[in-house]
Amino acid sequence: MKNVEMLHKLKIAALMLASAFPLFMPHQISGIGMLLLIICGISVIGESDYYFDWKKMLVISAPFLIFGAAMMQTTHTDAGLEVLQKKLLLLALPFTFAVSKNLTDEKLRGKLFLVFEVSAFAIGLYANLMMRFKGLTITDPNNTDYTYIYRHALEYYSGLHPTYYAAILFFAAFLSLNNLVRDWKKRHENKMVWIELVLTILLSTMATASAARAPLLAFAVILFAWSFVHFKNLGKTWITFLLAALFSITLISLPSTRNRILEMVNPANFNAPSGNNDNGTNVRAGIYLCNWQTLKQHWLIGVGTGDVQTELNNCLRQFNTSVYDNFDYNTHNEYLNIWFSAGIIGLLVFLASLFFSFKHAIQHKKYTYLYFLIFMSICFFTENYLERQAGIMLYTWFQCLFLFTPKETHHT
């Protein structure tokens with residue numbers, strides 16, 4: 001009996017640790033995932049409670065299986081294995097939930113969400129405080145682009161690429177807002193409401209300051225959809241459009257977001273960079289051009305998991321700039337990355353897994369899950385979120401928490 005209780009406590013501790021993943025470095029995130037797998041595996045064996053929900057596991061693990069299958073045609077085996085190693089959480093975490101019956105319930109999931117919100121807030125606060133007291137990491141007087149300087153320092157102190165940082169903080173802000181509205185009528189009894197209010201404001205502010213465009217757009221979309229549904233039920237739809245107007249004014253007022261938006265709508269940036277005239281938009285323009293040029297030749301079966309970067313680098317050499325020589329730029333689009341790697345069948349399998357997730361969220365009225373799927377589906381258009389541990393954990397962890405928990409914690 002004592003052993004069972006000890007295993008249960010270890011499982012809870014491991015779940016809490018996993019929800020705090022924004023605080024950890026990439027190799028630590030992988031370690032936490034494997035620790036949870038080991039503890040739950042021992043628990044299942046000890047309790048002799050064998051169970052395997054293979055359908056839900058396949059839905060979440062689909063990307064790993066797709067890249068694994070694409071290894072059969074890769075010529076750069078070492079590079080392919082490195083890609084698969086990074087994506088192991090896509091297999092390990094769903095397997096953990098699939099073999100552990102009722103690993104989380106409605107109440108525990110709410111606590112795990114709170115741990116995630118606080119952890120996201122902590123890493124954002126830490127990074128900004130470090131910039132305030134230790135200074136920015138770029139001191140070149142010739143570089144006057146504050147947005148670039150801020151984002152560089154943000155990544156240095158937080159250990160997260162600004163795009164992943166923003167996605168984590170924005171979704172944490174959305175969860176906080178959901179809790180805040182749900183519990184607002186009980187604010188005199190429940191002091192947590194005020195904590196959620198502070199978290200909502202600060203998380204969304206810090207995320208917006210990072211000027212990561214896709215997470216910002218994704219957050220705006222789910223925020224508009226959420227507020228429209230919520231305030232429509234209250235007969236106050238006009239509040240939705242007021243919030244949208246205030247949000248737009250805020251984006252225009254902040255120098256970092258205003259500059260990034262202007263950069264994106266400038267027609268001159270729709271072409272690949274030339275010489276030293278590069279920015280976040282025209283660099284992506286060159287990448288997307290090469291994505292399509294290569295896909296024209298390999299749209300049916302792809303090039304293989306380990307060959308994507310080599311093919312992309314070969315194409316990027318055509319441009320008269322050295323910017324693509326400094327780093328290995330990936331496809332910056334998760335859908336194209338899967339298509340590029342595993343061909344049209346791989347892309348269709350991934351889209352089918354997303355379709356099943358959407359269907360499950362709608363059928364079971366898991367509204368927060370639905371907003372999460374919309375959020376990630378938009379983010380996938382401009383970044384390979386399943387390429388880095390923070391992005392893999394963000395997607396896989398919440399997929400598991402939503403898909404394997406029978407009830408909805410947050411109602412609109």
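The values are calculated or read from the model by the stated rules, or taken from the named source; none is laboratory data. This is a predicted model, so every value here is computed, not measured. All Cβ positions, even for glycine, are placed from backbone atoms using ideal geometry, and neighbour counts span all protein chains on display.
Summary table below
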{"item": "Residue count, the stretch 331-353 (criterion: buried (at least 17 other Cβ atoms within 10 Å of the Cβ) and more than 27 Å from N313 (Cα to Cα))", "result": "1"}
{"item": "Extreme residue, surrounded by the most Cβ atoms within 10 Å (Cβ to Cβ), among residues of the stretch 120-158 that are among the hydroxyl-bearing types (S, T, Y), without any contact (Cβ under 8 Å) to a residue 24 or more places away in the chain and closer than 23 Å to M264 by Cα", "result": "Y148"}
{"item": "Number of the exception - V193 against (1) aliphatic (A, V, I, L, M); (2) without any contact (Cβ under 8 Å) to a residue 40 or more places away in the chain; (3) closer than 30 Å to N279 by Cα", "result": "(3)"}
{"item": "Scan of the stretch 349-379 for residues that are touching a helix residue (DSSP H, G or I) at 6+ places or on another chain (Cβ under 7 Å) and among the basic types (K, R), ordered by number", "result": "K366"}
{"item": "Qualifying positions in the stretch 27-76 - within 16 Å of L88 (Cα to Cα), surrounded by fewer than 16 Cβ atoms within 10 Å (Cβ to Cβ) and not hydrophobic (A, V, I, L, M, F, W, C)", "result": "H27, Q28, G31"}
{"item": "Residue list for the stretch 143-183, restricted to those being assigned to a helix (DSSP H, G or I) and more than 22 Å from A220 (Cβ to Cβ)", "result": "Y146, Y148, I149, H152, A153, E155, Y156, Y157, S158, D183"}
{"item": "Qualifying residue in the stretch 208-216 (condition: among the polar types (S, T, N, Q) and either under 16 Å from the mean Cα position of the chain (by Cα) or not in a loop (DSSP other than H, G, I, E, B) (or both))", "result": "yes"}
{"item": "Residues of the stretch 332-346 that turn out to be over 17 Å from M376 (Cβ atoms) and under 21 Å from the mean Cα position of the chain (by Cα), as a count", "result": "4"}
{"item": "Helices (runs of 4 or more DSSP H) enclosed by the stretch 232-307 - at least 1 residues per element that are among the charged types (D, E, K, R), modelled with pLDDT under 75 and crowded, with 17+ Cβ neighbours inside 10 Å", "result": "255-265"}
{"item": "Flag for G280 being assigned by TED's automatic domain parsing to the domain that holds F355, closer than 22 Å to H161 by Cα and under 23 Å from the mean Cα position of the chain (by Cα)", "result": "yes"}
{"item": "Any chance L347 is at pLDDT 95 or above and in a helix (DSSP H, G or I)", "result": "yes"}
{"item": "Condition met for H161 (buried (at least 17 other Cβ atoms within 10 Å of the Cβ), in contact (Cβ under 8 Å) with a residue 60 or more places away in the chain and in contact with a Gly (Cβ under 9 Å, 6 or more places away or on another chain))", "result": "yes"}
{"item": "Tabulated pairs, the stretch 309-323, first farther than 18 Å from N279 by Cα, second buried (at least 17 other Cβ atoms within 10 Å of the Cβ), C-beta under 6 angstrom, 6+ apart or interchain", "result": "E311/T294; E311/V303; L312/C290; C315/C290; C315/T294"}
{"item": "Scan of the stretch 124-141 for residues that are in a helix (DSSP H, G or I), over 15 Å from V198 (Cα atoms) and among the aliphatic types (A, V, I, L, M), ordered by number", "result": "A127, L129, M130, M131"}
